[in-house]
1. (1) at pLDDT 95 or above; (2) outside any helix (DSSP H, G or I): which one isn't true of Ala26, the others all being true?
2. For Thr43, indicate whether it is closer than 21 Å to Pro3 by Cβ and loosely packed, with under 14 Cβ neighbours inside 10 Å.
3. Residues of the stretch 3-32 being without any contact (Cβ under 8 Å) to a residue 24 or more places away in the chain, small (Gly, Ala, Ser) and buried (at least 20 other Cβ atoms within 10 Å of the Cβ), which ones?
4. Checking Gln57 against (1) buried (at least 17 other Cβ atoms within 10 Å of the Cβ); (2) touching a Cys at 6+ places or on another chain (Cβ under 9 Å): exactly one of these is not met. Which one?
Amino acid sequence: MNPELKRQLAELALAGTGHHCHQEAATIADWLAGAPEMTECVTLIRLSSLMNRGDYQAALQLGGEHCTPDIEPWLALCEWRLGQQDELTAR
């Protein structure tokens, strides 16, 4: 599939998490996971879905397993929401 369509699907899934379309976003993320170059996008979609459902602990765990410099601000937000000031300060 062409890269532009993959990018648009990733954006749609990410926007969907903010509108509580978590199952639809998960389906897109699962499909995009078949493309190695989309790994960070897939992680971001899944992180956003968990965070929009208030599951900051699960998001922090997922992000820790797939951490990149672009994912770190999302993890910092999870730590802040969980009141993990020491971890947040260390970041």
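1. That leaves (2) as the condition not met.
2. no
3. Hits for the stretch 3-32 are Gly16, Ala29.
4. It is condition (1) that Gln57 fails.
For (1) free of Cβ contacts under 8 Å to residues at least 60 places away in the same chain; (2) of a type in the set (D, E, K, R); (3) in contact with a Gly (Cβ under 8 Å, 6 or more places away or on another chain), each residue gets a yes or a no:
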site	(1), (2), (3)
Ala35	yes, no, no
Thr43	yes, no, yes
Glu65	yes, yes, no
Leu82	yes, no, no
Leu88	yes, no, no
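The values are calculated or read from the model by the stated rules, or taken from the named source; none is laboratory data. For clarity, every value in this text was computed on a predicted model and none was experimentally measured. Note that each Cβ is placed from the backbone with ideal geometry, even for glycine, and that neighbours are counted across all protein chains shown.
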